[in-house]
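Student: Below is a structure I'd like to ask you about.
The values are calculated or read from the model by the stated rules, or taken from the named source; none is laboratory data. Everything quoted here is computed from the prediction, not taken from an experiment. For neighbour counting, all protein chains shown are included, and Cβ atoms are generated from backbone atoms with ideal geometry for every residue, glycine included.
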């Protein structure tokens, strides 16, 4: 299984996810949004698969710091623009496991999905 974990390295949840993968011997590639960028085509795939509402992290610091005008009236197009401009607004970690996408980290869920 080809597994790619997307996120930012200093995120606590990403750290937990990476530690879990390492401890369980699961091979993966790590894609750092800040260092490696964010492909708009990939973001479109994620939005199509998961929905922008699930991807956009409205509880995160980056989103909360936005002016109220930017937070108002969010639709798919506006959410995509925000996430492309500031990938830290994407809920983390995002996992691509052979084209099956998921967000967040749960040790129990990952045990079922990824443990050998």
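Student: Can you name the residue in region 22-35 that is surrounded by 12 or more Cβ atoms within 10 Å (Cβ to Cβ) and in a helix (DSSP H, G or I) and is also nearest to the chain's Cα centre (by Cα) among such residues?
Tutor: So, considering only residues that are surrounded by 12 or more Cβ atoms within 10 Å (Cβ to Cβ) and in a helix (DSSP H, G or I), the one nearest to the chain's Cα centre (by Cα) is 33.
Student: Just to be sure before I move on: is residue 38 in contact with a helix residue (DSSP H, G or I) (Cβ under 9 Å, 6 or more places away or on another chain) and in a loop (DSSP other than H, G, I, E, B) in the structure I sent?
Tutor: Judged against the criteria, residue 38 is a match.
Student: Determine whether residue 108 is without any contact (Cβ under 8 Å) to a residue 40 or more places away in the chain, assigned to a helix (DSSP H, G or I) and either surrounded by 16 or more Cβ atoms within 10 Å (Cβ to Cβ) or out of contact with any helix residue (DSSP H, G or I) (no Cβ under 9 Å at 6 or more places or on another chain) (or both).
Tutor: So residue 108 fits the description; yes.
Student: Is it fair to say residue 99 is surrounded by 11 or more Cβ atoms within 10 Å (Cβ to Cβ), in contact with a helix residue (DSSP H, G or I) (Cβ under 9 Å, 6 or more places away or on another chain) and modelled with pLDDT under 95?
Tutor: Answer is no for this residue.
Student: Filter region 59-87 for residues that are touching a helix residue (DSSP H, G or I) at 6+ places or on another chain (Cβ under 7 Å) and in a loop (DSSP other than H, G, I, E, B) and give the result.
Tutor: 60, 86
Student: In addition: Enumerate the pairs (first residue in region 60-77 and at positive phi and touching a residue at least 60 places away in the same chain (Cβ under 8 Å); second residue anywhere and part of a loop (DSSP other than H, G, I, E, B) and surrounded by 10 or more Cβ atoms within 10 Å (Cβ to Cβ)) with beta-carbon separation below 7 Å, excluding pairs fewer than 6 apart on the same chain, so at least 6 apart or on different chains.
Tutor: So the pair list comes out empty.
Student: Residues 49, 115, 79: which one is closer than 20 Å to residue 3 by Cα and touching a strand residue (DSSP E or B) at 6+ places or on another chain (Cβ under 8 Å)?
Tutor: Matching residue, one of 49, 115, 79: 49.
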